[in-house]
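Report on the following structure.
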Amino acid sequence: MHGDLGIIHPGDCVIALSYSGNTEEVIRLFTVLRGMRSSENRALENTVWLVGMGRTRQSPLGNLCDAWIESAVDQELSLSVNAPTSSSSLMLAIGDAIAILLMNRRQFGPTDFARNHPGGHLGIVSRQLAAQLSSDSVIKNGANPAETQPKAY
């Protein structure tokens, strides 16, 4: 954790995943983040929001969170060893749903995705889709492609 907390700024939201809610490293991180809140600096825009995801809020991690996403499963797929299988898949699906929801809310599209993925297959596909959408827009709206500016965030 040393030095890496400088990337977190007021207004950010940190989501921690711990099925048991007892993961020592995650609890330590959230304890430090909660401690960064000063009593005179509790305005909503100055808060780092702490969200947890796991089996139950009734846990050490749950007690540190501003919000909790319950992701309980009846049992793990691995019966011989209590390895996280079903629970980790559920958390992944919930995380994907949150990411898609935020992308839609921010109108984050293929052009934005291509800008953040300059290489690899995802970058190539995103640039092709962005170019197609841009040329479709030009044809539909009669706009000059040279005048089209990317969205700024």
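Worth pointing out:
- Span from the segment 3-23 Cα centroid across to the segment 53-111 one, whole angstrom: 14 Å
- Residue-normalised accessible area of segment 10-128, given per residue in Å² at a 1.4 Å probe: 64 Å²
- Sites ASN116 and ASP4 - FRET efficiency at Förster radius 35 Å, r taken between beta-carbons, to 0.05: 0.95
- Protein accessible area in segment 1-129, 1.4 Å probe - carbon and sulfur %: 59 percent
The values are calculated or read from the model by the stated rules, or taken from the named source; none is laboratory data. Small disclaimer: the values here were computed from a predicted structure and weren't measured. With ideal geometry, Cβ positions are generated from the backbone for all residues, glycine too; neighbour counts draw on all protein chains shown. The area values use the complete protein model at the heavy-atom level, side chains included, leaving out ligands, DNA and RNA. Shrake-Rupley method; radii C 1.70, N 1.55, O 1.52, S 1.80 Å.
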